[in-house]
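The structure appears right after this line, and notes come after that.
Readers should treat all values here as calculations from the given coordinates under stated rules, not as data from a laboratory. Please read all numbers here as calculations on a predicted model, not as lab measurements. Neighbour counts are summed over all protein chains in view; Cβ atoms, including those assigned to glycine, are modelled from backbone coordinates with ideal geometry.
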Amino acid sequence: MIVEPTAATIAEAAAMLRDGKLVAFPTETVYGLGADATNERAVASIFEAKGRPSFNPLISHVLGADEAKRFVQWNATADTLAGRFWPGPLTLVLPRAPNSPIALLCTAGLDTVAIRAPSHPIAQALIRAAGRPIAAPSANRSGTVSPTRAEHVAESLGERVPLILDGGPCLVGVESTVLDLTTPVPTLLRPGGATREAIEAVIGPIALSDALPSGDQARKSPGQLDSHYAPARPVRLNATSVGPDEGLLAFGPSVPAGAMLTSNLSPSGDLAEAAANLFAQMRALDRPGIGRIAVAPIPETGLGLAINDRLRRAAADDGKTGRR
Ligand code: TXA
Ligand code: MG
């Protein structure tokens with residue numbers, strides 16, 4: 001059920017979380033499918049509802065650094081980054097604190113915890129009212145396009161999620177940046193809403209997970225290897241012309257003609273606008289009558305890193321997504 005967030009519905013949602021139930025809620029990045037991060041059974045029901053094939057670790061959502069220190073071993077770099085980026089779209093991977101109450105399933109057996117403080121006021125109100133950290137992946141069936149509207153959550157998860165708090169469209173539109181602070185040099189595990197350039201301006205050069213041996217990549221960020229964010233239709237990247245059976249995801253002022261349907265991520269070529277529109281427009285083009293989704297080239301700078309990462313995953317067909 002989709003409900004307006006009011007003091008009463010947020011209190012009801014918080015009571016459901018404490019009771020081990022699932023609640024979908026808005027964050028500034030994408031909608032999350034939340035459960036009490038300290039309750040193993042509640043966390044297990046997230047994997048069940050999403051149909052996640054394996055237990056990829058989940059992000060624990062908190063109000064800020066003071067709270068995070070109860071769950072992870074905090075350090076000076078975390079302090080600097082949280083000071084600059086929290087609340088906001090940056091997830092930090094840190095060693096699990098001794099006696100951390102975070103469910104083992106939430107970290108998929110790793111000795112690290114991914115943690116972030118979202119800036120969305122409804123997410124914050126929910127965490128505060130629940131009085132505990134909230135584990136939340138994106139609120140969609142595994143492998144499909146992430147939700148940036150309450151309706152996307154309802155379409156994807158249906159009855160599997162009893163309550164969806166409707167916060168309108170997500171302003172950032174791509175998931176948080178995941179940064180591993182357990183390596184000698186911080187390692188970017190997933191590009192996202194906090195840009196590499198902005199992070200490096202604060203803490204200096206960071207490493208890219210592509211530089212890790214592939215076995216280490218799988219161990220460090222298990223969720224990053226599968227085909228993800230996949231529409232039902234095939235996706236063709238870097239399209240500078242289009243065929244008549246294609247839907248075009250355009251970017252910028254010059255748009256090739258001839259597509260069956262065109263949706264422009266940002267007519268002015270603004271990457272923040274493009275990120276905010278990305279998943280909703282991918283869904284809109286993924287419809288009967290369209291044979292393939294063609295995507296215009298997007299610059300690899302700033303938020304373009306996260307946008308291109310999601311697009312490459314959408315285009316990667318590893319045979320597991322049941323795509324036509
Ligand atoms: O913006 C977001 O991050 C959204 C909203 C709801 O907060 N959440 C989200 O969660 O995107 P999810 O589950 O789709 O992605 C979590 C990512 C995965 O790539 C996972 O592998 C990684 O974080 N991750 C989680 N715990 C980790 C850990 N302990 N070590 C390394 N990577 C971890
Ligand atoms: Mg996801």
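Scoring 148-161, 24-37 by mean Cβ neighbours within 10 Å over their residues and listing the highest first yields 24-37, 148-161. Positive-end ranking of ILE2, PRO288, PRO133 along the dipole of the chain, with charges on Cβ about the Cα centre, is headed by PRO288.
Stokes-Einstein D for the chain at 20 °C, 1.002 mPa s, Kirkwood Rh over Cα pairs, in µm²/s?
Stokes-Einstein gives a translational diffusion coefficient of 108 µm²/s.
For ALA15 and GLU67, what does the FRET efficiency come to when R0 = 25 Å and r is the distance between their Cβ atoms, rounded to the nearest 0.05? All intermediate terms of the calculation are to be shown ahead of the outcome.
On the way: r = 20 Å, r/R0 = 0.80.
Calculated value: 0.80.
Could you compute the net charge surrounding THR91? Neighbours are other residues with a C-beta less than 12 Å from the C-beta of THR91; K and R count +1, D and E count -1. Residues near THR91 contribute 0 overall. Under the convention that each Lys and Arg Cβ holds +1 and each Asp and Glu Cβ holds -1, the size of the dipole of the chain around its Cα centre is about 520 debye.
Show me 277-287, 252-262 ranked by packing, highest mean number of other Cβ atoms within 10 Å first.
Values: 277-287: 21.1, 252-262: 14.5.
Descending mean neighbour count gives 277-287, 252-262.
In the chain, what % of DSSP beta bridges are antiparallel (nearest 5)? Before the final figure, lay out the partial values.
Values: 16 of 38 bridges.
Beta bridges within the chain, antiparallel portion: roughly 40 percent.
What does the charge add up to near ASP79, with Lys and Arg as +1, Asp and Glu as -1, over the other residues with Cβ less than 13 Å from its Cβ? Spell out each step's value before the answer.
Numbers: positive: LYS69, ARG84; negative: ASP66.
Here the charged neighbours net out to +1.
When the charge dipole of the chain is built from unit charges on Cβ atoms (+1 for Lys and Arg, -1 for Asp and Glu) and taken about the Cα centre, the candidate among GLY51, TRP74, VAL23 whose Cα reaches farthest toward its positive end is GLY51. Between VAL255 and ASP79, the simple spin-label model (points 7 angstrom out along Cα→Cβ) gives 5.0 nm.
Hey, what did the chain get for relative contact order, percent, Cα under 8 Å, at least 6 apart?
Numbers: 742 pairs, mean separation 62.6, N = 324.
Value for the chain: 19 percent.
Think of the chain as having a plus end and a minus end, set by charges on the Cβ of Lys, Arg, Asp and Glu; of THR301, LEU171, GLY32, GLY32 sits farthest toward the positive end of this dipole.
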